[in-house]
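The values are calculated or read from the model by the stated rules, or taken from the named source; none is laboratory data. Here the structure is a predicted model, which means the values were calculated and not measured. Please note: Cβ atoms are built from the backbone with ideal geometry, for glycine as well, and neighbour counts cover all protein chains shown.
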Amino acid sequence: MRYFLLIYALVVGIVVAIAGCRGSLSRKPPIEVFPDMDRQLKLRPQQPNGFFPNGISSQPPVPGTIRRSLPIQTLSGPVYPFEDAPVNTGRWPGVTNFVELNPLAVSGALLRRGQERFGIYCAPCHGPAGDGNGVTRKLGMAVVANLHDPRIVEMPDGEIFHVISHGRNLMQGYAAQIPVEDRWAIVAYVRVLQRSWLGSLEDLPLHLRQSLERQP
């Protein structure tokens, strides 16, 4: 029995030594018992290939091809979704610092869009007023952030965008459901909610302040 275990361990060691490496240092795949479709046939770009008449693997778009994405119009100019830019990440390129201000031009249309998207994706938990008293709170979900909490009010706009995109704590990320422009629209609307909740009479223009002061 002792010799059997010794031979068994030796065989296992040899098999692991031969088939255990995953080929990270070589283009040649190792011996794999269960490859799980890790390596599949593919065409390497800009390499000769006899499949196409022109003999290369990389082909230009066919006539009439419609591009998949349009640039996002920001205050600093158009930005495409694949670019490492603050509008796509909420951070400054190359660092972990969040951008302080919304990179989109804040307008009435953007705020109306943000209000609509907020009502669909955010209000069920955070409530229409953003105070954390949404439907989920009534159903027993006790931990829901109050968007008027000073900690959140002091967050940079980019951090709120990042939380909407990737989630935090119990909150899931919504990057797959909400487009980039709509996430920034929600950020702008959250700022409006915070201003309406925490603002004072002195924040209003003089003519509006006087009209409110005259009301009985």
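How about the range 39-86: which of its residues are among the small types (Gly, Ala, Ser), assigned to a loop (DSSP other than H, G, I, E, B), more than 18 Å from the chain's Cα centre (by Cα) and closer than 18 Å to residue 104 by Cα? Listed by number, the list holds a single entry, 76. Pairs are defined by a Cβ separation below 8 Å, a sequence spacing of at least 6 or placement on different chains, a first member in the range 33-50 that is on the phi > 0 side of the Ramachandran plot, and a second member that is at pLDDT 75 or above and in a loop (DSSP other than H, G, I, E, B); the pairs so defined are 46/57; 46/58.
Within the range 94-115, work out how many residues are loosely packed, with under 10 Cβ neighbours inside 10 Å and either in a loop (DSSP other than H, G, I, E, B) or not assigned by TED's automatic domain parsing to the domain that holds residue 189 (or both).
Looking only at the range 94-115, we keep the residues that are loosely packed, with under 10 Cβ neighbours inside 10 Å, and these are 94-96, 108.
From the residues that got through so far, the ones that are either in a loop (DSSP other than H, G, I, E, B) or not assigned by TED's automatic domain parsing to the domain that holds residue 189 (or both) too are 94-96.
Total satisfying the criteria: 3.
So, residue 157, is that one out of contact with any Lys or Arg (no Cβ under 8 Å at 6 or more places or on another chain) and either in the same structural domain as residue 98 (by TED's automatic domain parsing) or surrounded by 14 or more Cβ atoms within 10 Å (Cβ to Cβ) (or both) or not? Step through it out loud before you land on a result.
Details: out of contact with any Lys or Arg (no Cβ under 8 Å at 6 or more places or on another chain): no; either in the same structural domain as residue 98 (by TED's automatic domain parsing) or surrounded by 14 or more Cβ atoms within 10 Å (Cβ to Cβ) (or both): yes.
It is false that residue 157 is out of contact with any Lys or Arg (no Cβ under 8 Å at 6 or more places or on another chain) and either in the same structural domain as residue 98 (by TED's automatic domain parsing) or surrounded by 14 or more Cβ atoms within 10 Å (Cβ to Cβ) (or both).
Could you tell me whether the range 185-195 includes any residue that is in a loop (DSSP other than H, G, I, E, B) and in the same structural domain as residue 87 (by TED's automatic domain parsing)?
From the range 185-195, those in a loop (DSSP other than H, G, I, E, B) are none; that's our starting set.
No, that holds for no residue.
Just to verify a result, which residue in the range 191-206, among those that are under 26 Å from the mean Cα position of the chain (by Cα) and hydrophobic (A, V, I, L, M, F, W, C), is nearest to residue 100 (Cα to Cα)? Across the range 191-206, the extreme among qualifying residues is 192. All conditions in (1) assigned to a helix (DSSP H, G or I); (2) over 23 Å from residue 109 (Cβ atoms); (3) among the hydrophobic types (A, V, I, L, M, F, W, C) hold for residue 145, with the sole exception of (1). Going by the conditions given, is residue 177 under 14 Å from the mean Cα position of the chain (by Cα), within 16 Å of residue 119 (Cα to Cα), touching a residue at least 24 places away in the same chain (Cβ under 8 Å) and surrounded by fewer than 19 Cβ atoms within 10 Å (Cβ to Cβ)? In short, yes.
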